[in-house]
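The values are calculated or read from the model by the stated rules, or taken from the named source; none is laboratory data. Predicted, not measured: the structure shown is a model, and the values here were computed from it. Every residue, glycine as well, gets a Cβ built from its backbone with ideal geometry; the counts of neighbours run over all protein chains shown. SASA here: full protein model, heavy atoms, side chains in, ligands and nucleic acids out. Shrake-Rupley method; radii C 1.70, N 1.55, O 1.52, S 1.80 Å.
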Amino acid sequence: MARKTIMAAGGIVLRGGTRPRIAVVQRSKDDAWVLPRGKLKRTENPAAGARREAVEETGHRVKVREFLGAITYRARGRPKVVQFWRMQAYERPSRDIMKDIVAVEWLTLAAAVRRLSYPLEKLFLKNIGRRLLKRRRKAARKKPARRRKTAARRAR
């Protein structure tokens, strides 16, 4: 009999503006450093599960943004699919982290990639992270121009 696929979800959780930091968490069960993620509840929507896991593991409320992709691997002999979303964390923590997490660190993209324990997750973050930060830089450059147009309209 085929073993059922384990479904999980999580996020690349960003905090900060022009120089964003990415959340990585250290699990207590094996001391591994990972992106915030976890198994979905039986009838849970993946985006809702990703939000729940990010809040539980980072202690920060988050806004879920776009879907970024998924990684697949085998866990205890079963296939596992982890879907990831980009998330924006509120600056201040809103709750304590769950007891399964030893530590949360907010790191630059390069430092986060180095800190992660699993090669597949490192590769995923490195590739997706570059695109995310490039988009954020472009958006940051565009914002001042929009403000000037708005200010000019108000002056009329």
How large, in percent, is the carbon and sulfur part of the accessible surface of region 1-111 at a probe radius of 1.4 Å? 49
Where both residues lie in the chain, what percent of DSSP beta bridges are antiparallel, nearest 5? 75
Anyone know which of R52, R61, R42 comes out most mobile in the 10 Å Cα GNM of the chain? R42
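Filter the GluC sites (Glu not before Pro) in region 21-122 down to the DSSP loop ones having no more than 11 other Cβ atoms within 10 Å, then list what survives. Before the final figure, lay out each step's value.
Values: sites: E44, E53, E56, E57, E66, E91, E105, E121; in loops: E44, E91.
Here the GluC sites (Glu not before Pro) that fit, given the DSSP loop and packing criteria, are E91.
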Relative to the first principal axis of the alpha-carbon coordinates of the chain, what is the inclination of helix 46-58, with its axis defined by its Cα atoms, in degrees from 0 to 90 and to the nearest 10? 90
Taking 0.36 nm per residue of separation between A111 and A32 and subtracting their Cα-Cα distance, the length gained on full extension comes to 26.9 nm
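How big is the C-alpha Rg of the chain next to the rule-of-thumb value 2.2 N^0.38 Å, as a ratio? The partial results should precede the final answer.
Working: Rg = 17.6 Å, N = 156, 2.2 N^0.38 = 15.0 Å.
Here the answer is 1.17, to two decimals.
Solvent-accessible area per residue for the chain at a 1.4 Å probe radius, Å²? List each step's numbers first, then the result.
Numbers: 9990 Å² over 156 residues.
Averaged over the residues of the chain, the accessible area is 64 Å².
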What do you get for the angle between helix 119-155 and the principal long axis of the chain? Use alpha-carbon atoms, 0 to 90 degrees, nearest ten. 20
